[in-house]
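Take a look at the structure set out below.
The values are calculated or read from the model by the stated rules, or taken from the named source; none is laboratory data. Computed from a predicted structure; not experimentally measured. Because the Cβ atoms are built from the backbone with ideal geometry, glycine has one as well, and the counts that use them run over all protein chains shown. Ligands, DNA and RNA are excluded from the accessible area calculation, which covers all protein heavy atoms including side chains. Shrake-Rupley method; radii C 1.70, N 1.55, O 1.52, S 1.80 Å.
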Amino acid sequence: MKIKLTFWRVVFIVIMALGLYSSFIRYFRGLGAVSNMTDQFPWGLWIGFDCLCGVMLAAGGFCMVGAVYLFNVERLHSVVRPAVLTAFLGYILFIVGLLFDLGRPWYIWHQLIYMNFHSVMFEVGMCVMTYTTVLFFEFLPNVFEALNWQTPIKWIKKIYPVLIVAGILLSTLHQSSLGSLYLIMPSKLHPFWYTPALPFFFFASAIAVGLAMTIFESTQSAKAFGRHLELPVLVTLGGALLVALWVNALLRFEDYFRRDLLGQIFKPSYEAYFLWLELALTFVIPITMLSFKKVRLSPQWLYLASICSVLGFITNRLNIALIGFETYVGHHYMPKWTEFSITLMIVAMGFALFGLAVKYLPIFPEERHPLQQRLRTETASVVATPVLGHAGD
């Protein structure tokens, strides 16, 4: 089978090559050789983006599962499987990113033996590990259906209610606990982002991003794989996203008002510039867009609004993890190109694995047929045509 070399495949190969080179430096020469992190600035891009943003971007899984199985929103049933797939891949890649950031990653299993029940990090670690296991079992029916194994599917269905409750509970715990990590740093984190309400903000933002990411992945997969775009589903998600954004915006306004920071926000400063960017992308632009019915009924505008919202919350997490500490540390942190290359490699792996899963597994309703049938169909296509092309290449 001859593989067609497209522009994006070349980009993927380059990203993977640079990422593997940087990974070699990281594991054979240490963190100092591959990053600009220091003892004064020990948490950099890998914690800010790969971990904080990675977990947030994977929140669509528990949002869609909760909406369909707890709140009985049957219209969203078609997006549960892709949302669970995105969440499963997101948590696996979060763990991969964590292995790059830890000084001695081969000791990561120590939390199972040396348990510190008073540590927020212990709670986050255990919840992430357990929820990843839950996502694995929620994802398994896709594999069993592709292989046409009926008996294991029946076993999974028997424990599915337990998986649903456990998944939502664990997600709620560690999404909020990521914010709790920063509660011990009141003198280090800038007042724009330090607040006792951080755990609530992290959880509320995860729900909004989960909705936005579901819109994004539904639209993007429809373009890449030639699928039919379900407009009623997107309209429902767009309306829910508007409500979630308003809730987040009102919570932030109330927090700034209670801490007498509203006046400080409008004074030009280094931190204020990043806060303005964050608030514009997170609330002002997407809320303005989604307030118009014409936008909520348009797949293209919903797609743009979801991207803007996701970028805004990513900016928020990066502001908390990086910008908010620069005044205390006394210098600006700029990641090395090797840090960027490893992050890009992890993101590229996520897109590639999602594409492979959609290609060979019944992730979308219209594609639920055995893997053997797909393989036979592709084999026949290869015999008939020397160059195999796919939608989206």
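May I ask you to say which residue of His110, His118, His174, His190 is modelled with pLDDT of 90 or more and not charged (D, E, K, R)?
Of the residues listed, the single one that is modelled with pLDDT of 90 or more and not charged (D, E, K, R) is His190.
Lys359 is checked against (1) assigned to a helix (DSSP H, G or I); (2) open to solvent by 70 Å² or more (accessible area, probe 1.4 Å) and fails just one. What number does that condition carry?
Lys359 satisfies every listed condition except (2).
Return the pair list, or none, for Cβ contacts closer than 7 Å from residues in the range 70-88 that are polar (S, T, N, Q) to residues that are surrounded by fewer than 24 Cβ atoms within 10 Å (Cβ to Cβ) and outside any helix (DSSP H, G or I), at least 6 apart or on different chains.
Ser78/Glu230
Go through the range 145-175 and give me each residue that's open to solvent by 30 Å² or more (accessible area, probe 1.4 Å) and touching a Pro at 6+ places or on another chain (Cβ under 6 Å).
Glu145, Asn148
If you go through the range 219-238, how many residues are open to solvent by less than 70 Å² (accessible area, probe 1.4 Å) and in contact with an Asp or Glu (Cβ under 8 Å, 6 or more places away or on another chain)?
Summing the residues that are open to solvent by less than 70 Å² (accessible area, probe 1.4 Å) and in contact with an Asp or Glu (Cβ under 8 Å, 6 or more places away or on another chain) in the range 219-238 gives 1.
Could you tell me which residue of the range 249-291 is least open to solvent (accessible area, probe 1.4 Å), considering only residues that are closer than 15 Å to Tyr194 by Cβ and not in a helix (DSSP H, G or I)?
Selected residue: Leu261.
Just checking, does the range 60-77 include any residue being of a type in the set (Phe, Trp, Tyr), over 30 Å from Ile207 (Cβ atoms), open to solvent by 20 Å² or more (accessible area, probe 1.4 Å) and in a helix (DSSP H, G or I)?
no
Using the structure shown, decide if Ser187 is within 30 Å of Ala321 (Cβ to Cβ) and surrounded by fewer than 19 Cβ atoms within 10 Å (Cβ to Cβ).
Details: within 30 Å of Ala321 (Cβ to Cβ): yes; surrounded by fewer than 19 Cβ atoms within 10 Å (Cβ to Cβ): yes.
Criteria met by Ser187.
Considering only residues of the range 78-116 that are under 21 Å from Ala206 (Cβ atoms) and open to solvent by 50 Å² or more (accessible area, probe 1.4 Å), which is farthest from the chain's Cα centre (by Cα)?
Going through the qualifying residues, I end up with Ile95.
Can you tell me which of Met121, Met213, Met126 is loosely packed, with under 15 Cβ neighbours inside 10 Å and either in contact with a Leu (Cβ under 9 Å, 6 or more places away or on another chain) or not in a helix (DSSP H, G or I) (or both)?
Met121
Here are some residues: Leu322, Leu304, Leu311. Which one is of a type in the set (A, V, I, L, M) and in contact (Cβ under 8 Å) with a residue 60 or more places away in the chain? Steps first, please.
On the way: Leu304 fails: in contact (Cβ under 8 Å) with a residue 60 or more places away in the chain; Leu311 fails: in contact (Cβ under 8 Å) with a residue 60 or more places away in the chain.
Just a single option satisfies the conditions, and that option is Leu322.
Evaluate the following for Phe325: is it under 26 Å from Leu281 (Cα atoms), part of a helix (DSSP H, G or I), aromatic (Phe, Trp, Tyr) and open to solvent by 10 Å² or more (accessible area, probe 1.4 Å)?
yes
Considering only the range 129-144, state which residues are open to solvent by 20 Å² or more (accessible area, probe 1.4 Å) and touching a Leu at 6+ places or on another chain (Cβ under 7 Å).
Correct list: Thr130, Phe137, Phe139, Val143.
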